[in-house]
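Peer 1: This structure is in structure tokens; I'll ask about it shortly.
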Amino acid sequence: MVALGGCADLVATGARFDASGLSANPVLLVATTRKPFEGTRARPWFGPERGSGVSVARAKLAPPAEGRFSLAAVGLDDWRLDAVEPVPQVGDLMASAPSGRDVLIYVHGFNQTFETAALDAVHLSDGIRFRGETMVFSWPSKARFLDYAYDRESAMWSRDALQQVLEALLASPNVGRIHVVAHSIGTMVTMEALRQLHAVHGDASAARIGAIVLASPDVGMDVCASSVERIGALAPNIIVITATNDRALALSRWIAGGITRVGAAEKARLTRLGLRVDDASQLGWGIVNHDLFLSNSHVRQAIRRAIDGYPGMAG
């Protein structure tokens, strides 16, 4: 993963993004279906196996040192996870937060350890200068290139847990809007959870859910179309970040028997579904082009604009 570093190109356009919430309070909220390591609070904290339920925690972060002549200025320092402290349930995470505090949930993709997923959430949130609370939803990934099938099934297995996390946040009086950024296979578990959420609560949940950003979605076009039809008033909140030259999704398409992945589809095909699309095909300069939401400043700005389109509930 590419660390975001300085992000000097992201100049604040309003009070919500003049500095990240993590820079003021370096604590990442954690919800995970990974099995925790027993008897220790030391890293890696959570492994690749599937747990018996949702584990909830606060992760204390060590920010990179600031300053023109710091190691971070030359790319030699970065955010780190210092400690992970379990809490009983999701509602406890927001118990001391100010009323109407927005939450950004990051749902990671294929081939991720708990720690890399958590730090990607931090890089994303800090890079777009998100001012609310940031949470990583981490499902069990083997973090090995050849374990795609295990990862995909683990993501699907975690959809009920993500629904439960969303419901708990919606029930909290301290939570304003909930924004979701999901990457790769993480978009599949996200759409499934939103579909289930809408089946239970109908359009009522749309009043509290803001931007739903699907970055490089590793989901088939037919599956996506079906899900969009079944999430009601949540559908207009979706923005899809695509790249037709995403080589990771080209491989996924081959594995899926030639079914086009949403993240590599032509923009016109997605707009016909009523989706907003940010086509990043011309922005990627790497070999894979699957992580542009982290590595490209224009894509990060698109995510920031999407979230800024849903102002915080507290006014």
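The values are calculated or read from the model by the stated rules, or taken from the named source; none is laboratory data. Everything numeric here is computed off the predicted structure, so don't read it as measured data. Cβ placement follows ideal geometry from the backbone for every residue including glycine, while neighbour counts extend to all protein chains displayed. Each accessible area value is taken on the protein alone, full model and side chains, heavy atoms only, with ligands, DNA and RNA left out. Shrake-Rupley method; radii C 1.70, N 1.55, O 1.52, S 1.80 Å.
Peer 1: With (1) free of Cβ contacts under 8 Å to residues at least 40 places away in the same chain; (2) within 25 Å of His298 (Cβ to Cβ) as the list, and His183 as the residue in question, which single condition is left unmet?
Peer 2: Failed condition: (1).
Peer 1: Cβ-Cβ distance below 6 Å, separation of 6 or more or different chains: which pairs start in segment 156-170 with a residue that is buried (at least 19 other Cβ atoms within 10 Å of the Cβ) and end on one that is modelled with pLDDT under 95 and among the small types (Gly, Ala, Ser)?
Peer 2: Hits for this filter: Ala168/Gly91.
Peer 1: Given the options Val228, Val180, Val213, name the one that is more than 17 Å from His108 (Cα to Cα) and of a type outside the set (S, T, N, Q).
Peer 2: Sole residue among the options that is more than 17 Å from His108 (Cα to Cα) and of a type outside the set (S, T, N, Q): Val228.
Listed here are the residues, each with its yes/no results for (1) over 22 Å from Ala207 (Cβ atoms); (2) out of contact with any Pro (no Cβ under 9 Å at 6 or more places or on another chain).
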position	(1), (2)
Ala95	yes, yes
Met135	no, yes
Ser141	yes, no
Glu153	yes, yes
Asp160	yes, yes
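Peer 1: Inside segment 104-210, counting only helices (runs of 4 or more DSSP H) that do not spill past its ends, which hold 1 or more residues that are over 20 Å from Val54 (Cα atoms) and under 13 Å from the mean Cα position of the chain (by Cα)?
Peer 2: 114-127
Peer 1: Does segment 222-266 hold any residues that are more than 16 Å from Phe293 (Cβ to Cβ), among the basic types (Lys, Arg) and surrounded by 16 or more Cβ atoms within 10 Å (Cβ to Cβ), and which are they?
Peer 2: Result: Arg253, single match.
Peer 1: Assess whether Ser184 counts as being touching a Ser or Thr at 6+ places or on another chain (Cβ under 6 Å), buried (at least 24 other Cβ atoms within 10 Å of the Cβ), more than 21 Å from Thr33 (Cα to Cα) and not β-branched (Val, Ile, Thr).
Peer 2: no
Peer 1: What are the pairs with Cβ atoms under 7 angstrom where one residue, in segment 196-212, is closer than 15 Å to Val181 by Cα and the other, located anywhere, is surrounded by fewer than 19 Cβ atoms within 10 Å (Cβ to Cβ)? Sequence gap at least six, or different chains.
Peer 2: Between residues of segment 196-212 that are closer than 15 Å to Val181 by Cα and residues that are surrounded by fewer than 19 Cβ atoms within 10 Å (Cβ to Cβ), the close pairs are Gly210/Tyr310; Ala211/Gly309; Ala211/Tyr310.
Peer 1: Right, here's the next one. Could you identify the single residue in Ala117, Ala171, Ala95 that is of a type in the set (A, V, I, L, M, F, W, C) and in contact with a His (Cβ under 7 Å, 6 or more places away or on another chain)?
Peer 2: Only one candidate qualifies: Ala117.
Peer 1: Now for a separate question. If I filter segment 122-151 down to residues being among the charged types (D, E, K, R) and touching a strand residue (DSSP E or B) at 6+ places or on another chain (Cβ under 6 Å), which single residue comes out as farthest from Leu162 (Cα to Cα)?
Peer 2: Lys142
Peer 1: Need the failing condition index for Met313 against (1) modelled with pLDDT of 85 or more; (2) open to solvent by 70 Å² or more (accessible area, probe 1.4 Å); (3) touching a strand residue (DSSP E or B) at 6+ places or on another chain (Cβ under 8 Å), just the number.
Peer 2: Here Met313 clears every test but (1).
Peer 1: Here's a check for you: in segment 226-254, which residue that is in a loop (DSSP other than H, G, I, E, B) and of a type outside the set (A, V, I, L, M) is modelled with the highest pLDDT?
Peer 2: Arg230
Peer 1: Give me the residue from segment 193-221 that is over 14 Å from Ile241 (Cα atoms) and among the charged types (D, E, K, R) and, out of that set, surrounded by the fewest Cβ atoms within 10 Å (Cβ to Cβ).
Peer 2: Looking at the filtered set, the residue picked out is Asp203.
Peer 1: Kindly provide the set of residues from segment 77-115 that are among the polar types (S, T, N, Q) and buried (at least 16 other Cβ atoms within 10 Å of the Cβ), ordered by number.
Peer 2: Taking segment 77-115 first, the residues among the polar types (S, T, N, Q) are 89, 96, 99, 111-113.
Matches in segment 77-115: Asn111, Gln112, Thr113.
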